[in-house]
Structures are given as structure tokens and as C-alpha cells.
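The values are calculated or read from the model by the stated rules, or taken from the named source; none is laboratory data. Everything numeric in this text was worked out from a predicted model, so none of it was measured. Glycine gets a Cβ as well: all are built from the backbone with ideal geometry, and neighbour counts include every protein chain shown. All accessible areas refer to the heavy atoms of the entire protein, side chains included, with ligands and DNA or RNA removed. Shrake-Rupley method; radii C 1.70, N 1.55, O 1.52, S 1.80 Å.
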Amino acid sequence: PPGAPDSRRLAAALVAAALVAATVAIFAPVRDFDFADYDDNIYVKQNPHLDDGLSREGLRWAFQPYETNWIPLTWLSLLVDAELWGRDPGGYHLTNLALHAASVAVLFWVLFSATGALGRSAFVAAVFAWHPLHVESVAWISERKDVLAGLFWMLTMGAWLHYSRAPGATRYALVLLALGLGLLAKAMAVTLPFVLLLLDDWPLGRLRGANGRLDPRRLRRAVLEKLPMLPLVAAISVVTYVVQRERGAMSSLDDLPLAVRAQNALVSYVVYLRDAFWPRDLAVFYPHPKEALPAWEWAGAAALLLALSAGALAAWRRRPFWTVGWLWYLGTLVPMIGIVQVGMQSHADRYTYVPLIGVSLAVAWGVWALADRWRAARIATTAVALAALAALGVASSRQLEHWRDGRALFERAASVTQDNYVALHAL
């Protein structure tokens, strides 16, 4: 933060280095992992276009639709890997790990620079780094688009923080550049302008007057600032929709009615929350039910989501981090929640890569706000947080083992899910 003493800056640098080192240590075994034989064969192993490398033909291919995606920056990164590693899977895995570790460092830097809260910023970054739900994004070569887009997501937030402190055309251009690169890596970044608006309220404090109330003029200005981002978002959304529809990746309403999609979406929101706090029986593929769910299941999920939303909104004035964290979680999951169904899964661990940050924010700042009054509570909270992070690191190490090759991956999926036709067919 501006004006922070050198000792605080040094402490932050040491924490960032420790976060990166621990992340690399947890995920280092991927260097010896094989291809996953699930999309990896299409993306890398049997992809003839990678043989072109960084040639004119390779660059031309990267900016064309391939399979069911238009992700030119991701293809470019894989072309670079092909030049460096050929078809050695270890090199591709290490690139994924490097991108993830860089995202961890940038996320920590952004949060600490915006709030000055060293411990809470480190906790959120560590959860992002070590949560078992994120093993899929890091250990699966085909999810290069996740970790690459994730890094530009963090860099966009950093650029926005830079802009918010001294608005100017050059600083805003950096925001647009980072956002555009993130969108070229994966379309999940379409919700990033919404998150920047949330950050304008907390922790940046750009939407409220001196009395702590929402200032309509400040809100209007903040919304107008996001308008130049919308053409980028709209263009990527349209291109992604057209490519995935024409390539047969989307389910029709005849095959999967809207009511069934909505029911599964409600339940998936709750499933992701459950797995955020108690990650167990994680798998590479969860079959979609493809039929109406029991009323108690989707209605109960809806009731829980409404209750949590009401609580978060009620806390907006005094505890804005709860509101921002919860809306971050709800909003960033919208493109992947299944209303527009792409693929055959009911939900997927990789979809939590960015949304889970919102939950971590709400927990870190919310729990600390409750514990900050008493010294004993602060000590207990710190101890519990460290224990939880250690448990996440151990759980990720164990989950990582299931990604060592295709057989291990699908044996795990078949053992922890019911009627998993994708896993059984792959085996």
C-alpha cells in the first residue's frame, strides 16, 4: 500500500515468496505426470498443428476455431511449449504450474496493496493456491486456458487498482490490455468487469460518500468506466457461443430442458460451496442427471442461496466484504453454471478456479471481523486458519496423485461417482 513502511513491504515480499515456494512444492510431482488422455490427446498429444510451432502456419491456426473452442492465446502458449518440449508432457505440466504460481503471487499482491491486511491477503491467496478443487486446473494440460486466463484476471485487477489510485488513459489502456488477453485465453473473463465494479465498493471504497452510504454519482461514474470493456466482453461471448454451438458442444433445449438446467444450476451452486469447505470424492467428470431433480433438492438449494444472499446484502453497509465475496462467487459462476450447457457434466472442479476467491474473501475478512475484538479469539483464528491451509495442502497432494495418468484419473472418477459412463468408457 502507498506509504507502507519498508518492514511491511519486506514482510509482504517474504510472504509472497513463501506462497509461491509452497505452491511449487505441492504441485512439483506433475513434472513426471503423463497426458490425461481426456482432451489432452486432442489439445496436445495428437494435435498436428503443434508441429508447425511458432511459424506463420502455426500462428494462423491459433486464431482459428479448433475443436469446440476459440482460445487463440491458449493455443499460442501451447505452440511455445511445443517448441520447447516437443511432446514431453512434463514441460507442459510445468508451464501450467508456473502460470498458477504467478497468479498466486499477483493475487496476494493485489489484495495486500488494496487492503494492507497481510495475513488475510495471504490466507486468500493460499486457499486459491492449494485448494484441491484447483488441482484439476493445474494438473490437466488441457486446462491451460484456466491458469492462463486466471493470471490475466489477476493482472487486470492489479491494473485496475493502479488506475483507481490515479485515473488516466495510459493506466486504463493497461486494464483493457490485460482484460483482452484474458478473454483471448478463455471466455470465463467475461464477468471480470462485474468483479471490478464490486472491488470499487470494497476494498477500494470508490462508491461511497463520507457518510458510508452509496453515492449515486460515484456509482454512475464507476459504471461508465466499465462501458469500454463491454465491446470486448460482448465480442468474445458471441464468438464463443457461435463456435461451441456450431461444433456441437452445446446441448439443445430438446435434449436438456431449461427447467432441468435451472434445477441442476441451483444444486451445483450448493455443491461447489460444500466442496469449498469439505472437498472429498473429487473427480474429473460428474455425469449430468439429464432429468428433473427431486423437488426437495433443488428447492432446498434455492432456499439456502436466497438466505445467504439476503444475509450478504443485509451486511453490505457494515461488512461490505461479505457482500462483495458472495456476489463475486455467484456472478463469476454464471457462465459455467449450466444454463447454457456446454459438455455433458453436471458441474466441474475447474469451474471454481476464480469463483472460489469470493468465498475465501468473505470468510477471511468476515471471520477476522468477528474475532478482532479479543486477543484470544485472534490467536485461535490464526491457528485454525493455519491448520486449514495445511489440511488443504495435504488434500491437494493426495488429489494430485489421481492425475498421474489416464488410468488413475478414471479409476478415481469411477470409484467416487455413480454410473460414470465417461470414466467407464475411458477405462
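Please go through the range 357-384 and pick out each residue that is among the small types (Gly, Ala, Ser) and either touching an Asp or Glu at 6+ places or on another chain (Cβ under 7 Å) or farther than 30 Å from Thr191 by Cα (or both). Lay out the reasoning, then the answer.
At the first step, the residues of the range 357-384 found to be among the small types (Gly, Ala, Ser) are 358, 360, 362, 364, 366, 369, 371, 376-377, 380, 383.
Those that are among the small types (Gly, Ala, Ser) and either touching an Asp or Glu at 6+ places or on another chain (Cβ under 7 Å) or farther than 30 Å from Thr191 by Cα (or both): Ala371, Ala376, Ala377, Ala380, Ala383.
Conditions (1) within 13 Å of Pro279 (Cβ to Cβ); (2) open to solvent by less than 20 Å² (accessible area, probe 1.4 Å), marked per residue:
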residue	(1), (2)
Arg350	no, no
Leu356	yes, yes
Thr382	no, no
Val394	yes, no
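So which residues in the range 220-261 are open to solvent by 40 Å² or more (accessible area, probe 1.4 Å), under 18 Å from Ser346 (Cβ atoms) and either among the β-branched types (Val, Ile, Thr) or assigned to a helix (DSSP H, G or I) (or both)?
Scanning the range 220-261 gives Leu258, Ala259.
State which residue is nearest to the chain's Cα centre (by Cα) when the search covers only the range 176-194 and only residues that are under 8 Å from Val233 (Cβ atoms) and surrounded by fewer than 24 Cβ atoms within 10 Å (Cβ to Cβ).
Once the filter is applied, the top-ranked residue is Val190.
Going by the conditions given, is Arg398 in contact with a Phe, Trp or Tyr (Cβ under 6 Å, 6 or more places away or on another chain), open to solvent by 60 Å² or more (accessible area, probe 1.4 Å) and closer than 29 Å to Ala25 by Cα?
Numbers: in contact with a Phe, Trp or Tyr (Cβ under 6 Å, 6 or more places away or on another chain): no; open to solvent by 60 Å² or more (accessible area, probe 1.4 Å): yes; closer than 29 Å to Ala25 by Cα: yes.
In short, no.
Across the range 292-313, what is the total count of residues that are in contact (Cβ under 8 Å) with a residue 24 or more places away in the chain, farther than 16 Å from Val271 by Cα and surrounded by fewer than 16 Cβ atoms within 10 Å (Cβ to Cβ)?
1
Which of (1) surrounded by fewer than 19 Cβ atoms within 10 Å (Cβ to Cβ); (2) farther than 24 Å from Phe128 by Cβ does Pro29 not meet, given it meets every other one?
Only one criterion in (1) surrounded by fewer than 19 Cβ atoms within 10 Å (Cβ to Cβ); (2) farther than 24 Å from Phe128 by Cβ is unmet by Pro29, namely (2).
Condition first: open to solvent by 40 Å² or more (accessible area, probe 1.4 Å) and under 19 Å from Ser121 (Cβ atoms). Can you find one or more residues in the range 33-55 that meet it?
Checking the range 33-55: not a single residue is open to solvent by 40 Å² or more (accessible area, probe 1.4 Å) and under 19 Å from Ser121 (Cβ atoms).
Could you list, in sequence order, all residues of the range 210-238 that are free of Cβ contacts under 8 Å to residues at least 12 places away in the same chain and touching a Gly at 6+ places or on another chain (Cβ under 7 Å)?
Correct list: Asp215 only.
Restricting the first residue to the range 241-265 and requiring it to be farther than 12 Å from Trp70 by Cβ, which pairs with a second residue that is open to solvent by less than 60 Å² (accessible area, probe 1.4 Å) and aliphatic (A, V, I, L, M) meet a Cβ separation below 7 Å and a spacing of at least six or different chains?
Qualifying pairs under 7 Å: Met250/Val342; Gln263/Leu293; Asn264/Leu293; Ala265/Ile337.
Output the qualifying pairs, or none if there are none: Cβ atoms under 6 angstrom, residues six or more apart or on different chains, first residue in the range 117-136 and under 30 Å from Ala283 (Cβ atoms) and modelled with pLDDT of 95 or more, second residue outside any helix (DSSP H, G or I) and open to solvent by 10 Å² or more (accessible area, probe 1.4 Å).
Pro132/Pro279; Leu133/Pro279
Taking Leu282 and the conditions (1) within 21 Å of Ala413 (Cβ to Cβ); (2) under 22 Å from the mean Cα position of the chain (by Cα); (3) open to solvent by 40 Å² or more (accessible area, probe 1.4 Å), which numbered condition does it fall short on, given that it satisfies the others?
Among (1) within 21 Å of Ala413 (Cβ to Cβ); (2) under 22 Å from the mean Cα position of the chain (by Cα); (3) open to solvent by 40 Å² or more (accessible area, probe 1.4 Å), Leu282 violates only (3).
The conditions are (1) open to solvent by less than 20 Å² (accessible area, probe 1.4 Å); (2) closer than 30 Å to Gly343 by Cα; (3) at pLDDT 95 or above; (4) of a type in the set (A, V, I, L, M), and Leu73 fails exactly one of them. Which is it?
(1)
Quick check: is even one residue across the range 126-139 over 16 Å from Ser103 (Cβ atoms) and either buried (at least 22 other Cβ atoms within 10 Å of the Cβ) or touching a helix residue (DSSP H, G or I) at 6+ places or on another chain (Cβ under 7 Å) (or both)? Break it down into steps so the answer makes sense when it comes.
Taking the range 126-139 as the starting set, the residues that turn out to be over 16 Å from Ser103 (Cβ atoms) are 132.
When the remaining residues are screened for being either buried (at least 22 other Cβ atoms within 10 Å of the Cβ) or touching a helix residue (DSSP H, G or I) at 6+ places or on another chain (Cβ under 7 Å) (or both), the result is 132.
Yes, some residue in the range 126-139 is over 16 Å from Ser103 (Cβ atoms) and either buried (at least 22 other Cβ atoms within 10 Å of the Cβ) or touching a helix residue (DSSP H, G or I) at 6+ places or on another chain (Cβ under 7 Å) (or both).
Test Val324 against the stated conditions and say whether it is modelled with pLDDT of 95 or more, within 24 Å of Val367 (Cβ to Cβ) and open to solvent by less than 30 Å² (accessible area, probe 1.4 Å).
Working: modelled with pLDDT of 95 or more: yes; within 24 Å of Val367 (Cβ to Cβ): yes; open to solvent by less than 30 Å² (accessible area, probe 1.4 Å): yes.
Taking the combined requirement at face value, the residue satisfies it.
Results for (1) at pLDDT 95 or above; (2) assigned to a helix (DSSP H, G or I); (3) of a type in the set (Gly, Ala, Ser), shown as yes or no for each residue.
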| position | (1), (2), (3) |
| --- | --- |
| Arg350 | yes, yes, no |
| Ala364 | yes, yes, yes |
| Arg378 | no, yes, no |
| Leu389 | yes, yes, no |
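Is it the case that the range 157-164 has a residue that's farther than 23 Å from Phe285 by Cβ, open to solvent by 10 Å² or more (accessible area, probe 1.4 Å) and small (Gly, Ala, Ser)?
Among the residues of the range 157-164, at least one is farther than 23 Å from Phe285 by Cβ, open to solvent by 10 Å² or more (accessible area, probe 1.4 Å) and small (Gly, Ala, Ser), which makes the answer yes.
What's the number of the only condition in (1) of a type in the set (D, E, K, R); (2) assigned to a loop (DSSP other than H, G, I, E, B); (3) without any contact (Cβ under 8 Å) to a residue 24 or more places away in the chain that Arg206 fails to meet?
Here Arg206 clears every test but (3).
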